[in-house]
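For reference, the structure discussed in these notes is given below.
The values are calculated or read from the model by the stated rules, or taken from the named source; none is laboratory data. Everything quoted here is computed from the prediction, not taken from an experiment. With ideal geometry, Cβ positions are generated from the backbone for all residues, glycine too; neighbour counts draw on all protein chains shown.
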Amino acid sequence: MCTVCGCGEGDLRIENAPHRHDDPARLIKLEQDILAKNDRYAAENRRVLESRGILAFNVMSSPGAGKTSLLVETIRAFEGRRACAVIEGDQQTSADADRIRAAGAQAVQINTGKGCHLDGHMVGHALDRLAPAPDSILFIENVGNLVCPAAFDLGEARKVVIFSVTEGEDKPLKYPDIFAVANLVVMSKVDLLPHLAFDMDTAVANARKINPDVAVLRTSASSGAGMDDWIQWIEAARADLSMVPVPSRAAG
């Protein structure tokens, strides 16, 4: 699995433990081939989306950070204003897609089995089945994982990382690649801050150590805090479909 997605090589270090690698040149070539193939699928997805005026977001986070809850409330906020559709990525179950449909939006579930991320090919097939309406908004909820999704372009216009206040402030430093490619970091579950020893300023500072230009919003899907700012950010992105596509993978 790690050889396929490229997550187990490169700067791997295990303290005080001997280890060996297969031929590094062969593994690097395999990773390059996989990512190049993915980029071709992603480019076709982007062409289709842009031709239909569909604004697509790749929504990434660790498991349980609140992606689906945020999307449910977002769909409700756009009800009667703009059509929304969702591609859901999970290893198993259709629970999240069911929640999205119950909120009133189209949804297609991708179950990746042992796969740790969505890729351009999967999303292309889901797009064919979903057929989002022209001029709509598409959210691609990636598999909960702060590592592998960073490397795979899906054809989206923006990459959004959800960062829950129930996680440690050091997450951006531990998982820099996903924060490096983000256009926006959404700090979620801020209603829980009075009950947590979480330093918001440190968390945001750590995110900007990795990506100095990243936008940051503070939200709670439960209380509604920050939801207006999130909707405004989406509308601003909607007004700028001519943006340069985000990088297909983290630098380096």
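In the stretch 101-114, how many residues are crowded, with 19+ Cβ neighbours inside 10 Å and either assigned to a loop (DSSP other than H, G, I, E, B) or in contact with a His (Cβ under 6 Å, 6 or more places away or on another chain) (or both)?
Within the stretch 101-114, residues that are crowded, with 19+ Cβ neighbours inside 10 Å and either assigned to a loop (DSSP other than H, G, I, E, B) or in contact with a His (Cβ under 6 Å, 6 or more places away or on another chain) (or both) number 1.
Starting from residues that are without any contact (Cβ under 8 Å) to a residue 60 or more places away in the chain and not hydrophobic (A, V, I, L, M, F, W, C), keep the ones in the stretch 116-164 and report whichever is surrounded by the most Cβ atoms within 10 Å (Cβ to Cβ).
Of everything passing the filter in the stretch 116-164, H125 is surrounded by the most Cβ atoms within 10 Å (Cβ to Cβ).
Determine whether H121 is of a type outside the set (A, V, I, L, M, F, W, C), in a loop (DSSP other than H, G, I, E, B) and under 17 Å from the mean Cα position of the chain (by Cα).
It is false that H121 is of a type outside the set (A, V, I, L, M, F, W, C), in a loop (DSSP other than H, G, I, E, B) and under 17 Å from the mean Cα position of the chain (by Cα).
Out of the helices (runs of 4 or more DSSP H) lying entirely within the stretch 1-100, which hold 2 or more residues that are modelled with pLDDT of 95 or more and either surrounded by 13 or more Cβ atoms within 10 Å (Cβ to Cβ) or not polar (S, T, N, Q) (or both)?
24-51, 67-78
Just the residues that are of a type outside the set (F, W, Y) and under 15 Å from the mean Cα position of the chain (by Cα), please, taken from the stretch 179-216.
Matches in the stretch 179-216: A180, V181, A182, N183, L184, V185, V186, M187, S188, V214, A215, V216.
From the list V161, V165, V108, exactly one residue is among the β-branched types (V, I, T) and under 10 Å from the mean Cα position of the chain (by Cα). Which is it?
Of the residues listed, the single one that is among the β-branched types (V, I, T) and under 10 Å from the mean Cα position of the chain (by Cα) is V161.
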